[in-house]
Amino acid sequence: MPEELLQQLRDIHQPPAAGWWPPAPGWWLLAGLLLAVTATLVIWYYRRQQRNRFLAPANRILAELEARRSDDPGWYGELNQLLKRVARVRYPNAGTDTLTGEDWVCFLASTSDLASDDCRRLALATVDPYAGLSPSQALSLAGNWLRQQRC
């Protein structure tokens, strides 16, 4: 009888190879971390775009002003109006609507890295045709100021 039992024994069976599903807990943690980082980046990018959405129309208006540049003080006035409209949106509690003259110059200089002399020439070009600022220089200064207003 023991010989019959011995003949019924078979070789050792290997367990089946581990499949790829379900993944180990470490992979689940990595996937969750990647999902959280991706969601955070998407939310950050969306909020940044929303905060800076005022710049697209301002850049379009700046391009329109560039297309019809002139030495007319009215043109410089339109350029300053554009900067004030952007400042009103970007700095809603700064009271930029009422800033004129030296106060407007100080505001432009304090909200960018433009030299105060350049800001002064840009602000005074509306009333002083001899401010020494060409339209291309004014557009360059305004473009630099606009680029620095990103949140």
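The values are calculated or read from the model by the stated rules, or taken from the named source; none is laboratory data. Bear in mind that the values here come from a model prediction, so they are computed numbers and not experimental data. Backbone-built Cβ (ideal geometry, glycine too); neighbour counts: all protein chains shown. These area figures cover heavy atoms from the full protein model, side chains too; ligands, DNA and RNA do not enter into them. Shrake-Rupley method; radii C 1.70, N 1.55, O 1.52, S 1.80 Å.
Assorted remarks:
- K84 satisfies every condition listed in (1) more than 20 Å from N59 (Cβ to Cβ); (2) part of a helix (DSSP H, G or I) except (1).
- Filtered by the rule that a residue be more than 22 Å from E64 (Cβ to Cβ), touching a helix residue (DSSP H, G or I) at 6+ places or on another chain (Cβ under 8 Å) and not hydrophobic (A, V, I, L, M, F, W, C), the range 130-151 gives a lone residue, G132.
- In summary, P92 fulfils each of the numbered conditions (1) closer than 22 Å to R60 by Cα; (2) touching a helix residue (DSSP H, G or I) at 6+ places or on another chain (Cβ under 9 Å) with the single exception of condition (2).
- Apart from one condition, C151 fits all of (1) touching a residue at least 24 places away in the same chain (Cβ under 8 Å); (2) surrounded by 12 or more Cβ atoms within 10 Å (Cβ to Cβ); the exception is (2).
- Listed conditions (1) open to solvent by 100 Å² or more (accessible area, probe 1.4 Å); (2) under 30 Å from V127 (Cβ atoms); (3) touching a residue at least 12 places away in the same chain (Cβ under 8 Å) are all met by R90, apart from (1).
- The condition of being of a type outside the set (S, T, Y) and open to solvent by less than 40 Å² (accessible area, probe 1.4 Å) holds for only one of L124, L41, L82, that being L82.
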